[in-house]
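The values are calculated or read from the model by the stated rules, or taken from the named source; none is laboratory data. Worth saying up front: this structure is predicted, and the values here are computed from it rather than measured. Cβ coordinates were reconstructed from backbone atoms using ideal geometry, including for glycine residues, and neighbour counts include every protein chain displayed.
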Amino acid sequence: MTQNYENLPKDSFERIARDTVQAEKISKPSVSFWQDAWRSLKKNKGAIVSLVLFGFIVIMALIGPILSPYEPNAQTITHANLPPKIPVVENLGIFNGEGKLGGKTVDLYEMKNVDQYYWFGTDGLGRDMFARVWKGTQVSLFIAFVAAAIDMVIGVIYGGISGYFGGRIDDVMQRIVEILTGIPNLVVVILFILIMDPGILAIIIALTITGWTGMSRVVRGQVLKYKNQEFVLAARTLGASDSRIIWKHLMPNVLGVIIINTMFTIPGAIFFEAFLSFIGLGLQAPDASLGTLINDGYKLIQYQPHILLFPAVVLSLIMIAFNLIGDGLRDALDPKMKD
Amino acid sequence: MKNSKILWLFGLVLVLSAFLAACGGGDDTDTGTETTETEGTEGNGGEPDSVQELNLIQSAEIPTMDVSMAEDAVAFEILNNVNEGLFRLNEENIAEPALAEGEPEVSEDGLTYTFKLRDANWSDGTPITANDFVFAWQRAIDPDTGSPYGPYMMAGTIKNATEVSEGSMEVSELGITAEDDNTLVVELERPTPYFMSLMAFGTFYPLNEEFVTEQGGDYASNSETILYNGPFTLTNWDGTGLTWTMEKNAEYWDAETVQLDAVNVDVVKETSTAVNLYQSGEKDRVGLSGEFALQYAEDPEVLREQEPVLFYLKFNQERDGEETAMANENIRKALATGFNKQSLVDVVLANGSLPANYLVPTEFAFNEAGEDFREINGDMLGFNADEAKTYWEQGLEEIGETEVTLELLGGDTELAGKMDAYLKDQLETNLEGLTVNLKAVPFGVRLELDEAQDYDIQNSGWGPDFQDPMTFLDLFVTGSSHNLMSYSNEEFDTLIEQAKGELAQDAEGRWEAMAQAEKLLIEEDAAIAPIYQRGIMSLQKPYVNNIVKHPFGGDYSYKWAYISGKE
Amino acid sequence: MARYIGKRLIYMFITLALIATFTFFLMKVLPGSPIASADKLSPEQRAVVEARYGLDQPLPVQYFNYMFGLLQGDLGISINQFKGADVTDVILSRMGPSAQIGFQGMVLGTFLGILFGMVAALRQNTWVDYTSTIVAIIGISIPSFVFASLLQYWFGLKWDLFPVALWKDGFMSSVLPSIALAMFPLATAARFIRTEMIEVLGSDYITLAKAKGASGSEIAFKHAFRNALIPLVTVLGPMAVSILTGSLVVEQIFAIPGIGEQFVKSIMVNDFSIIMGTTMFFSVFLIAIILIVDILYGVIDPRIRLSGGKN
C-alpha cells in the first residue's frame, strides 16, 4: 500500500495503439472439453504412468499366453512346483530356479532334470505360471470390462430416463432402485452363481444384476442438475427433440461422471471375482483368473510364494493403476479442480 | 514432485512383493527337532504326563448329536467317543463286546441274536437297559423321526425294517425286543456275517427313553440335553458353536482305560489357519489337505494313515434315454486304462493315497484266517497307455465315430478341481479324438445330477458303512440307488444275491462269490474305473499317543489316547 | 422428519417382503438336495425325510408358511447345517462376534482413515501425503483373504503378538480380524477426507478465516475438518457392505464363530432355511444402515434439511 509508483522508471512501460481486432481476440487457443481434460490429465504423472502401466498389462494379457511356449492349461506333471527361473536375471541370485526342499535350498531345475525356463515357475500340476498369470489377467479384465460396460449401459439409460422425464416415472423408477440397493449384492451374486452353470457368464451376470444401480443414481443426479439449466431450455425453445437434447446437450456433460464411475467399477469387479474364488464360487477348473490363481497361491505362501506373488502383484498393479487413473480423470474432468 | 509419488508407489509394491516372498524364508519353525522317524510319529510311547489334555481341530461343526439323525463324519466321530453301542471297534479295528456282556448267542439259522447287557450306567447314573436299545432302534426307523441313516442301515438287515420305514407296519414290529432289563433279542431279515461290526455303528446306539421324551424337541440341542454312556461326555457345546470339549466320563464302565481328562476341539475350516495353530503349539494334530500335504511331506511329525475310502469314475451308459459312447465296453476300458494313477497319487494328491486298480480297499476286509480280501483279485485293469489306445480305436470303430466329447462331473472342492483337471489332461492326451469337459458342482447338486443320470462320467467316492466287501459291491447291482449309470450284468447280480443269501453262512464260498463279482465289474465290464484309495496325512505332535483310526463309523477313538512327554 | 421416517419404514418393509419372495423362489430353483445322505435312501424313505421339513407341500403353501413365519420372526428350521435348530437361534448365537469385529473394524478404519486423510490434505504433495495415499490404495489392492492370512502368519505365528486364530481370548482374539476388516473403511475414508479437505481448504471462507488470523490447527479442525466430515456419512453404506463381505472371509480365516462364516457353510451344504434366514438378516442390516445414513445426512447437513422441508 505504501509503494511509491512514482519511482518506477518510465521506460518500463510502453504505450500501445488501440486495436479493435486485438480486443476481440482470445489469446488462449480454443480447446474442446476433451482436449482440456487430456491436458490436465497429462500433468498428472501418477495417472500417466498408471495409464502406461495398464496398457502394458493389457498387452501382456493379450500376448503373454502366446509368448510362453506352454499352453496355460497344459500339464507336464514331472515339472510340477518349480520356482521361477528367468534367463539373465538368474545370474543375479534371484529367480534362479532355487527352492526349498526339506529345509534346504536346492536348484530344483537341476534336481528334476528340467532344461526349460519357466519364467514364473510352475504350479502343482506342472502348468506354466507365466502363461496362466497372463491368461488369468485376460479373463479377469474381460469379466471386469464386460461387467462395467453392462453396468454403464443399463445405468446410463435407466438413470437418464429417470432423471430426464422426472415426475411419476422417476418416482416409480427410483423406488425400484431403492429396493434393489436394499438387497445385499453379495447375497444376490452368490445366489445367482448357485443357480446358473458356474463360469465367466454366470459371474458377469451376477455382478451386473445389481451393479448398475450405482451408475444409474449418479447419472440421474447429473441429469437432474443439468436439465433445468439455461442451455437446455434454450435448445428446447428452439424446438430440439427429447433425444437431441439428451444426446447432444446432456450426455456430454454427464460423460465425465460416467467415465469416472466406470473407472472405479472395474477394479471392484476384479476384486469381487477374487472374493468369489475364495468362497469356492469362482471360475471353474482348469481355467484361471487372477482370483483363482491368488486363491490357489495364498495357501502355498510359506513354501511356494511364487504361485501367489505374480498374480498378486499383477492384481495390485491393476488396482493401483485404475485408482490413480480414476483419480486423475476426476481431477481432469472436474471443472472445480481446474487451474 | 509428482514423480516421487510414483516412485513411492512402486517402491511399496516392491516391499509388498518382498513381504510375500519373505514368507518363503521363514518356514523352518521348530519342526525337525524332535523325533526323526520317517514313517510318521506314532507317539513316543513313554509314561503318561500328569496333564492329560488333547487339543484337536475339526473341519466342520457338529450338525447334530442326535444318534437317530446323525449322517455325517463329524457327528459319528463324536458319537463314537461319547456314546457306545453293543460293540465297539477296538485298537485293532475288530468289533468287540462293549455294552454287550460277551459274544451274543446266535441261532442256528443265523437270524436271531440274543445279547446279554453288562452293568453300565448313563452319565446321570441311571442304568442302561435293554429297553434303551429297543427305544433307540424304533425311533431311528420310525418315519416320523425322519432319520436318514436309520432306514439305510436297518432296511434289509433287521426284520421288518423296510416295512416300518415306509409306514406299512408299526414300529413295534421291528425285529428287536427286550426280554428283560439285561437281555436283548434281535431278529434279522437274512443272515448277516458282519452283524457285529454293525453294532458298533452310531445308529444302533441306545437312548434313554425317559430322558429323550422329557427333553422333547430340545433333545440334543446342546451338550446339556444329552445323556452319555461312552468314554467321554460332551461339554461346552451350545448347539451351533465352533467349539466343544469332551471330558472323561466317570460313569463309563471302562473308565479306568481312559487316560485323557479332556479333549478340546475347535472348528477350523481353513487348512492354512489350522496349520498355523498347530505350529504355534495350540493344537496337537492337524489334517493336511491338498497343497499342504505336499509341503509337509518331509516333515518328521507327519503321520500317514490309510482309509478304506475309494474313488472311482462312474461311466454312465444311458443319458436322456439314449445310449452314450460308454455303452461300448472298449470305450469304457480305454477310459479306465487311459490315465496314470501313480502320478495322480504322487503329484496331485501327494497325501499318501494309493493308486487303486480295485474296488474293495486294501486293509479293510479280512477273512477268518486274517487274509486281506484284496489278495484274491489283486490289481485289475491298471494304467496302460498303449492298451488304452488299442481299446479306444476299437471302440470308436464299433460305435462309428472318430471324435467323442464327454462331460466329467466332479466336486467343487479345490482338490477335486485339481484332480479332474489332471484326469482331463491325461485322457485327452492318451485317447485321440476325445474331448473332456469338466463340470464342477457342490455335493448336493452332484447327487441330484447323479440321480437324474444327467452326466457322462462322474468322479465319485464311497466309504464303507460296515466291515464287509459287500458295502462296496452291492452298490452296482441292477437298479440299486447308487448304480444310476444303467450298468446291468445278470451274472454280477446273481453273485451278489448268492453272497447275500444262500452263501451267507458259508464264509469261504461267499468270499469267493464276492471276489468273482468284483472281477466281473472291474476287469471284464469296466463298469467303473477305480482311481485311488484315499490316504490321510496329518501332523501330530510327538507327545500324542494312541489315537485310533477306524475304517468306518466314527473316524477316530480317543479312548486309548494319552499324552506323554509334553512337559 | 417423523413423516419422512415413517414413509421410509414402509418402503423398507416392502423391500424386505420382495427380497423374501425373491430369495424364496430362488431357493426353489436352486439345484441340489439339502439332504446329505439322499443317495443312500430309497425314494419312499426320502419322501419321508423331506416331509419332515415341509418340503413335500405345494409351493404356494410353502411360500405362505414361510412369509407368515417371517412376520412372526420365525425363520424356519435348519435342514442339515444344524439339523433341527431354529434358524433365528442360529443367527442370534452367531451375531456377537460378527458385530464386535465389524464394529471395531469400522471404527478403527474410519478413525485411521480420517487421520490419514487429514494429514495428507494438510501436508499436500509431501511424502506424508504420498505415503498415506499409497497405504490407502494398497489397502484396497490386496484381496482381504491374502491380507488376513499375512496378518495371521506374521502377527500371530511369527511374532506371537496376538492369537493365531479362534475366539478364546476375548479382545485379543478380535484384534487381527478387526484390522483385516478395517482396511476398506480406512482406504475409503482416507481418500474421501483428503479430497474434501483440499477442496474446503481452498474455499473462500478458509481464506477469510486465515485473513482474520486464525491459527493453523484452528482452521484445520474447526473449519476444514468439520465440513469435510459431512460427506463421509454417504460412504458409510458401502463401508457397511464391505464389512459384510469381509466378514465372510475374515471369520473363515480366523475361525471366528460369526454369521459370515456360517453363511458360507450353509451355501456349501445347501441348507435352504439358513441361506434364506441369513439373507434376510443381511438385508435388514443393510437397509437399516441406508436408512440411518439418510437420516443422519439430513440431520448433519442443514442444506439437505432445508430442501427436504420445502418438498
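Just a few scattered comments:
- Counted residues, the stretch B:527-566 - those being assigned to a strand (DSSP E or B), touching a helix residue (DSSP H, G or I) at 6+ places or on another chain (Cβ under 8 Å), crowded, with 21+ Cβ neighbours inside 10 Å and among the small types (Gly, Ala, Ser): 2
- Checked against (1) more than 11 Å from every other protein chain (Cβ to nearest Cβ); (2) within 24 Å of residue B:481 (Cα to Cα); (3) surrounded by fewer than 23 Cβ atoms within 10 Å (Cβ to Cβ); (4) touching a Gly at 6+ places or on another chain (Cβ under 9 Å), residue B:169 passes all but a single condition, namely (4).
- Condition met for residue C:273 (among the hydroxyl-bearing types (Ser, Thr, Tyr), touching a Pro at 6+ places or on another chain (Cβ under 9 Å) and buried (at least 24 other Cβ atoms within 10 Å of the Cβ)): yes
Results for (1) within 14 Å of chain C (Cβ to nearest Cβ); (2) in contact (Cβ under 8 Å) with a residue 24 or more places away in the chain, shown as yes or no for each residue.
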residue	(1), (2)
A:136	yes, yes
A:155	no, yes
A:169	no, no
A:187	yes, no
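- Restricting attention to the stretch B:412-467, the residues being of a type in the set (S, T, N, Q) and part of a helix (DSSP H, G or I) number 3.
- The residues of the stretch C:155-174 that are touching a helix residue (DSSP H, G or I) at 6+ places or on another chain (Cβ under 8 Å) and either assigned to a helix (DSSP H, G or I) or touching a residue at least 24 places away in the same chain (Cβ under 8 Å) (or both), listed by number, are C:155, C:156, C:157, C:165, C:166, C:167, C:174.
- When residue B:253 is tested against the conditions (1) of a type in the set (A, V, I, L, M, F, W, C); (2) within 28 Å of residue C:94 (Cβ to Cβ); (3) surrounded by fewer than 19 Cβ atoms within 10 Å (Cβ to Cβ), the lone failure is (2).
- Residue satisfying all of: in the stretch A:102-152; over 31 Å from the mean Cα position of the chain (by Cα) and assigned to a helix (DSSP H, G or I); modelled with the highest pLDDT among these: A:109
- Test: residue in the stretch C:154-165 that is surrounded by fewer than 23 Cβ atoms within 10 Å (Cβ to Cβ), within 12 Å of chain A (Cβ to nearest Cβ), within 21 Å of the chain's Cα centre (by Cα) and modelled with pLDDT under 90: no
- Selected residue (criterion: modelled with the highest pLDDT) from residues of the stretch B:35-80 that are away from every other protein chain (no Cβ under 14 Å) and touching a Pro at 6+ places or on another chain (Cβ under 6 Å): B:44
- Counted residues, the stretch B:356-393 - those being under 14 Å from residue B:530 (Cβ atoms) and not β-branched (Val, Ile, Thr): 14
- Subset of the stretch C:265-286 (residues that are at pLDDT below 85 and of a type in the set (A, V, I, L, M, F, W, C)): C:267, C:268, C:269, C:272, C:286
- Test: residue B:308 is more than 29 Å from residue A:127 (Cα to Cα), in a strand (DSSP E or B) and either of a type outside the set (Ser, Thr, Tyr) or touching a residue at least 40 places away in the same chain (Cβ under 8 Å) (or both): yes
- Residue in the stretch C:270-280 that is farther than 29 Å from residue B:71 by Cα and among the aromatic types (Phe, Trp, Tyr) present: no
- Qualifying residue in the stretch C:1-15 (condition: buried (at least 19 other Cβ atoms within 10 Å of the Cβ), at pLDDT below 85, touching a Ser or Thr at 6+ places or on another chain (Cβ under 8 Å) and within 10 Å of another protein chain (Cβ to nearest Cβ)): yes
- So residue B:108, is it more than 14 Å from every other protein chain (Cβ to nearest Cβ) and in a loop (DSSP other than H, G, I, E, B): yes
- Pairs with Cβ under 6 Å, 6+ apart, first in the stretch B:434-458 and without any contact (Cβ under 8 Å) to a residue 40 or more places away in the chain and away from chain C (no Cβ under 13 Å), second part of a helix (DSSP H, G or I) and among the charged types (D, E, K, R): B:436/B:424; B:436/B:428; B:438/B:420; B:438/B:424
- Residue within the stretch C:223-234 that is within 18 Å of residue C:140 (Cβ to Cβ), away from chain B (no Cβ under 14 Å) and either in a loop (DSSP other than H, G, I, E, B) or touching a Pro at 6+ places or on another chain (Cβ under 9 Å) (or both) present: no
- The residues on offer are B:231, B:206, and the sole one that is crowded, with 24+ Cβ neighbours inside 10 Å, in contact with a Lys or Arg (Cβ under 7 Å, 6 or more places away or on another chain), away from every other protein chain (no Cβ under 14 Å) and not aromatic (Phe, Trp, Tyr) is B:231.
- Under the condition of being surrounded by fewer than 16 Cβ atoms within 10 Å (Cβ to Cβ) and not hydrophobic (A, V, I, L, M, F, W, C), the residues counted in the stretch C:44-61 number 6.
Results for (1) of a type outside the set (D, E, K, R); (2) within 14 Å of chain A (Cβ to nearest Cβ); (3) buried (at least 18 other Cβ atoms within 10 Å of the Cβ), shown as yes or no for each residue.
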{"residue": "C:81", "(1), (2), (3)": "yes, no, yes"}
{"residue": "C:85", "(1), (2), (3)": "yes, no, yes"}
{"residue": "C:92", "(1), (2), (3)": "yes, no, no"}
{"residue": "C:114", "(1), (2), (3)": "yes, no, yes"}
{"residue": "C:123", "(1), (2), (3)": "no, no, no"}
{"residue": "C:137", "(1), (2), (3)": "yes, yes, yes"}
{"residue": "C:150", "(1), (2), (3)": "yes, yes, yes"}
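- Scan of the stretch A:53-73 for residues that are within 14 Å of another protein chain (Cβ to nearest Cβ) and surrounded by 17 or more Cβ atoms within 10 Å (Cβ to Cβ), ordered by number: A:53, A:54, A:57, A:70, A:72, A:73
- Among the helices (runs of 4 or more DSSP H) confined to the stretch A:153-266, the ones with at least 2 residues that are under 29 Å from residue C:24 (Cα atoms) are located at A:167-182, A:185-195, A:200-227.
- Unique match (being within 14 Å of chain A (Cβ to nearest Cβ) and not hydrophobic (A, V, I, L, M, F, W, C)) among B:256, B:318, B:301: B:301
- Scan of the stretch A:301-316 for residues that are within 7 Å of chain B (Cβ to nearest Cβ) and at pLDDT 85 or above, ordered by number: A:308, A:309, A:312, A:313, A:316
- Residue within the stretch B:260-268 that is over 23 Å from residue C:82 (Cα atoms) and either facing chain C (nearest Cβ under 8 Å) or in a loop (DSSP other than H, G, I, E, B) (or both) present: yes
Quick grid of which residues meet (1) within 10 Å of another protein chain (Cβ to nearest Cβ); (2) touching a Leu at 6+ places or on another chain (Cβ under 8 Å):
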| site | (1), (2) |
| --- | --- |
| A:281 | yes, yes |
| A:288 | no, no |
| A:299 | yes, no |
| A:319 | yes, no |
